[in-house]
Amino acid sequence: MNPWADVRRPEVEKKQKHVPTMADIAAFFKWVHEWYPQWERLDVLLRVKLLSGCRTADIVQLMSDQLNSGEARSE
C-alpha cells in the first residue's frame, strides 16, 4: 500500500531557468583557457557538450570506428 497515494502535490510557481548569455559563455571559456591552457581537448569537450545539450555519456562513448567520413553512423 502506498502511503502517498492520497497526498496531494502542492502547487508551486514554475521558475524560469537561467539561460547564459553569449558573454557568459565567452567568459566561461576564457576562464577555462586561463586555468587549463595545456588541456586543448577539455575546451573541445566542453564546446561539444554545450552544443549537444550536455549528453556527456554519449560523447565520451563514441568510438572512432563509429565515424565514417567525419560523421557519426548508427549501428
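Read the figures in this text as sums done on the coordinates, not as results from a lab. Values in this document were obtained by computation on a predicted structure and should not be read as measured data. Please note: Cβ atoms are built from the backbone with ideal geometry, for glycine as well, and neighbour counts cover all protein chains shown.
Under a plain spin-label model, where a point goes 7 Å from the Cα along Cα-to-Cβ, how far apart in nm are residue 6 and residue 36? Once both label points are built, they end up 5.3 nm from each other.
Extending 7 Å from Cα along the Cβ direction at residue 49 and again at residue 63 yields two label points whose distance is 2.4 nm.
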